[in-house]
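The values are calculated or read from the model by the stated rules, or taken from the named source; none is laboratory data. As the structure is a prediction and not an experimental result, all values here were calculated from the model. Note: ideal-geometry Cβ built from the backbone for every residue, glycine included; neighbour counts use all protein chains shown.
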Amino acid sequence: MWTALTMQQMLKIILMAIVPYIELRGAIPLAILGYGASPLTAFVLGVCGNLLPIIPIMLLLPVLANWAERILVIRRFFCWIRRRTKKHRVKINNYGFFGLVFFVAIPLPMTGVWTGSAIAYLLGVRKRSAFAALTLGVLIAGVIVTLMVILGSSFNNILD
């Protein structure tokens, strides 16, 4: 039933998991349904690929934000975000780590590592804490997506 993946297929899965918006929500189904990979292989490749951009994003985001603040519209947007963040600081401090985990763990569009990293930066979450929350969120999302693909394909087989 499951087939061994070629190096090219594995690379495609990892690269798809890196791509914003698609991330592991597209990589895991591609691996299992498109290439016939085992669920464990699909999970590992999808999660590893999705974790790859975290550190570069977290390191580059402050630099890009600093550069972007030179543009008036972007500076105003950042000021607006900071005011709203300050206003809700108590809630953010209460739910910061687990809120970020939960946000990334829900496998919906715009709730992955890229958006989670941006939120962590904008909310001032420490890098180590953000990295841990993002990693845990990706692991949970990977389990959810893998189970959804397995259950969906099993249900489809029953109907056939």
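In the stretch 16-44, what count of residues is obtained for those that are in contact (Cβ under 8 Å) with a residue 40 or more places away in the chain and either touching a helix residue (DSSP H, G or I) at 6+ places or on another chain (Cβ under 7 Å) or small (Gly, Ala, Ser) (or both)? Walk me through how you get there before you give the answer.
The first filter runs over the stretch 16-44 and keeps only residues in contact (Cβ under 8 Å) with a residue 40 or more places away in the chain, leaving 20-21, 23-25, 28-29, 32-33, 39, 42-43.
Next, from what is left, pick out any that are either touching a helix residue (DSSP H, G or I) at 6+ places or on another chain (Cβ under 7 Å) or small (Gly, Ala, Ser) (or both): 20, 23-25, 28-29, 32-33, 39, 42-43.
The number of residues fulfilling the criteria is 11.
Report, ordered by the first and then the second residue, all pairs with beta carbons closer than 6 Å, sequence separation of six or more or different chains, a first member in the stretch 58-80 that is of a type outside the set (S, T, N, Q), and a second member that is in a helix (DSSP H, G or I) and at pLDDT 80 or above.
Pairs found: MET58/SER117; MET58/LYS127; LEU61/TYR121.
Specify the residue that is surrounded by the fewest Cβ atoms within 10 Å (Cβ to Cβ); the eligible residues are those in the stretch 38-77 that are in contact with a Ser or Thr (Cβ under 7 Å, 6 or more places away or on another chain) and modelled with pLDDT of 90 or more. Spell out how you get there, then give the answer.
Our first condition is that a residue be in contact with a Ser or Thr (Cβ under 7 Å, 6 or more places away or on another chain); within the stretch 38-77, this holds for 39, 42-43, 51, 54, 57-58, 61.
Filter once more, so that each one left must be modelled with pLDDT of 90 or more: 39, 42-43, 51, 54, 57-58.
Values: PRO39: 16, ALA42: 29, PHE43: 23, LEU51: 19, ILE54: 21, ILE57: 20, MET58: 19.
Filtering the stretch 38-77 for residues that are in contact with a Ser or Thr (Cβ under 7 Å, 6 or more places away or on another chain) and modelled with pLDDT of 90 or more, the one surrounded by the fewest Cβ atoms within 10 Å (Cβ to Cβ) comes out as PRO39.
Among the residues of the stretch 97-120, are any exposed (fewer than 15 other Cβ atoms within 10 Å of the Cβ), aromatic (Phe, Trp, Tyr), at pLDDT below 85 and assigned to a helix (DSSP H, G or I)?
no
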